[in-house]
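Read through the structure below, which is laid out as C-alpha cells, and then see the notes.
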Amino acid sequence: MHLKNRVVIRYRDGRILKGFTWDFVPQKELFHLSDSEEERKIAEVAVRDLKAIFFVRTFAGNRLHKPDYTLEAFVRVPGLKLKVVFEDGEVLYGTTNAYSSGRKGFFLMPADRRGNNERVYVFVEATKSVEPVQPVPARSPISAR
C-alpha cells in the first residue's frame with residue numbers, strides 16, 4: 001500500500017495542479033499525480049518545469065491566513081534557516097537540513113507552522129535567491145544576514 005501525499009504543484013509558468021502523489025522522489029525526473037477530485041485520473045508529471053511542490057493540509061487553504069514569521073514560530077523547526085525568493089517574487093521562509101547550491105532542489109519546512117503548507121520541495125532553478133536568515137525577536141519580521 002502506498003502512502004498518498006496531498007500536493008499542490010506549481011509550475012514556473014504559473015500553472016497549478018492539485019492532487020495526490022505517492023511516488024515523488026527528488027532524484028527522479030517523473031512522478032505520478034492523481035486528480036484531487038477524480039483520484040482514478042492519473043497523470044505523469046515531469047519535474048523539469050516545476051517551481052515547487054507544496055505538501056498541503058487541505059486543497060482549499062486559507063487565503064485570510066497571515067504567516068507567522070516571528071522568532072517563536074521560526075525556532076520550533078530545527079535546521080538551516082532560509083529565505084527563498086522565487087523568480088515570480090513569491091517569498092518563503094523555512095528551515096532545511098538538505099540545502100546545497102549544487103543540488104536540483106531541497107525540502108523546506110515552513111517557518112509558519114500554522115499555515116497550510118506542511119513542507120515544500122523547492123526547485124532551485126525556479127528561485128531568484130536562497131539566503132540564510134537570522135531570526136529576530138517576536139513581532140519583528142525576519143531579516144537576512
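The values are calculated or read from the model by the stated rules, or taken from the named source; none is laboratory data. Since this is a predicted model, take the numbers as computed values, not measurements. Note: ideal-geometry Cβ built from the backbone for every residue, glycine included; neighbour counts use all protein chains shown.
Descriptive notes on the structure:
- If the condition is being surrounded by 20 or more Cβ atoms within 10 Å (Cβ to Cβ) and free of Cβ contacts under 8 Å to residues at least 24 places away in the same chain, then region 87-105 contributes 95, 96.
- Every test in (1) at pLDDT below 95; (2) part of a loop (DSSP other than H, G, I, E, B) is passed by residue 88 save one, and that test is (1).
- Single residue of region 91-101 satisfying the filter (outside any strand (DSSP E or B) and either among the polar types (S, T, N, Q) or touching a Pro at 6+ places or on another chain (Cβ under 6 Å) (or both)) that is nearest to residue 55 (Cα to Cα): 97
- The listed residues are 106, 86, and the only one of them that is of a type in the set (Phe, Trp, Tyr) and closer than 19 Å to residue 5 by Cβ turns out to be 106.
- Scanning region 15-24 turns up at least one residue that is hydroxyl-bearing (Ser, Thr, Tyr), under 15 Å from the mean Cα position of the chain (by Cα) and either buried (at least 16 other Cβ atoms within 10 Å of the Cβ) or within 25 Å of residue 87 (Cα to Cα) (or both).
- Conditions (1) surrounded by fewer than 14 Cβ atoms within 10 Å (Cβ to Cβ); (2) of a type in the set (Val, Ile, Thr); (3) over 14 Å from the mean Cα position of the chain (by Cα); (4) modelled with pLDDT of 90 or more: number failed by residue 45: (1)
- In region 102-135, the residue that is farthest from residue 9 (Cα to Cα) out of those that are in a strand (DSSP E or B) and among the basic types (Lys, Arg) is 128.
- Selection from region 26-68 of residues that are closer than 11 Å to residue 6 by Cα and either among the small types (Gly, Ala, Ser) or in a loop (DSSP other than H, G, I, E, B) (or both): 34, 36, 57, 58, 59
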